[in-house]
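Student: Take a look at this one; I'll ask things after.
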Amino acid sequence: MHGLILRTFQVFIEDTYGPKTWGDIAVGADLDLPAFEPMLNYPPETYSALIGAAEQVLGKPAEAIWEDVGTYLVSHPNSEGLRRLLRFGGVDFIEFLHSLDDLPDRTRLAVADLVLPELELTDSGNLQFGLRVGDGLPGFGYVMIGVLRAMADDYGALALLDTEGGHRGEQILMITVIETAYAEGREFELAANTGGSEG
């Protein structure tokens, strides 16, 4: 399991619930290390232990936790870099959906050894889409539901999402776009704000 995934989960817990909750989860998962190194690899059992401990400590099912992680990845200020990567996928939510097939490859451009499950979008017309999420990373389909909900809000679109399949193996996400311009989207500029000096 890539350390970046585990580190992301750790930061999500700390930012959302606080360091003490992360400590409780780490103890519940029998972790030897207090923090994950993003560029190292860890046994897959570590991931399973973390999710199981998080379910117990947070009192939430794994599917809900994974979806919250997906929302966090787009909406939290600490994840602005990923949000920008996703927004480069299109000028509106529909274009963004059509860019998802390339997301695993774009991710590997940033982190060469980070392999995400395959994504394949099917456009059924009438603003109805299906997104096949390949296997290889338990819960990734639910993470994508959180990402899609947050990105719809980011673009100002209104979309309904549902899923077929369990948390193991591939999933099919059903996406119905009700309105592409339902609300004002979050501000997005092509050039990143470098925080220049004030005069």
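For (1) under 20 Å from residue 108 (Cα atoms); (2) part of a loop (DSSP other than H, G, I, E, B), each residue gets a yes or a no:
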site: 7; (1), (2): yes, no
site: 12; (1), (2): no, no
site: 35; (1), (2): no, yes
site: 38; (1), (2): yes, yes
site: 46; (1), (2): no, no
site: 52; (1), (2): no, no
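Student: Here's something else I'd like to know. Considering region 113-140 alone, what residues qualify as being small (Gly, Ala, Ser) and open to solvent by less than 80 Å² (accessible area, probe 1.4 Å)?
Tutor: The answer is 125, 130, 134, 136, 139.
Student: Do we find a residue being in contact with a strand residue (DSSP E or B) (Cβ under 9 Å, 6 or more places away or on another chain), over 18 Å from residue 140 (Cβ atoms) and not assigned by TED's automatic domain parsing to the domain that holds residue 150 anywhere in region 40-54?
Tutor: Start the filter on region 40-54 by keeping residues that are in contact with a strand residue (DSSP E or B) (Cβ under 9 Å, 6 or more places away or on another chain), which leaves 40-42.
Now restrict to residues that are over 18 Å from residue 140 (Cβ atoms): 40.
The next check asks that each one be not assigned by TED's automatic domain parsing to the domain that holds residue 150; those that pass are 40.
For region 40-54, residues in contact with a strand residue (DSSP E or B) (Cβ under 9 Å, 6 or more places away or on another chain), over 18 Å from residue 140 (Cβ atoms) and not assigned by TED's automatic domain parsing to the domain that holds residue 150: present.
Student: Let me ask something else about it. For residue 87, only one of the following conditions fails: (1) farther than 21 Å from residue 110 by Cα; (2) of a type outside the set (Asp, Glu); (3) in the same structural domain as residue 151 (by TED's automatic domain parsing). What is its number?
Tutor: It fails just one condition, (1).
Student: Filter region 62-100 down to residues that are open to solvent by 10 Å² or more (accessible area, probe 1.4 Å), within 12 Å of residue 12 (Cβ to Cβ) and either modelled with pLDDT of 85 or more or not in a helix (DSSP H, G or I) (or both), then give me how many there are.
Tutor: Residues in region 62-100 being open to solvent by 10 Å² or more (accessible area, probe 1.4 Å), within 12 Å of residue 12 (Cβ to Cβ) and either modelled with pLDDT of 85 or more or not in a helix (DSSP H, G or I) (or both): 9 in total.
Student: Let me ask something else. Just to be sure before I move on: is residue 109 free of Cβ contacts under 8 Å to residues at least 60 places away in the same chain and either open to solvent by less than 20 Å² (accessible area, probe 1.4 Å) or more than 16 Å from the chain's Cα centre (by Cα) (or both) in the structure I sent? Walk me through it before giving the result.
Tutor: On the way: free of Cβ contacts under 8 Å to residues at least 60 places away in the same chain: yes; either open to solvent by less than 20 Å² (accessible area, probe 1.4 Å) or more than 16 Å from the chain's Cα centre (by Cα) (or both): yes.
Criteria met by residue 109.
Student: Looking at (1) modelled with pLDDT of 90 or more; (2) in contact with a Lys or Arg (Cβ under 7 Å, 6 or more places away or on another chain); (3) among the hydrophobic types (A, V, I, L, M, F, W, C), which is the only condition residue 159 fails?
Tutor: So the condition that residue 159 fails would be (2).
The values are calculated or read from the model by the stated rules, or taken from the named source; none is laboratory data. This structure is a prediction, so every number in the text was calculated from the model and none was measured. Neighbour counts are summed over all protein chains in view; Cβ atoms, including those assigned to glycine, are modelled from backbone coordinates with ideal geometry. Heavy atoms of the whole protein, side chains included, go into the accessibility calculation; ligands, DNA and RNA do not. Shrake-Rupley method; radii C 1.70, N 1.55, O 1.52, S 1.80 Å.
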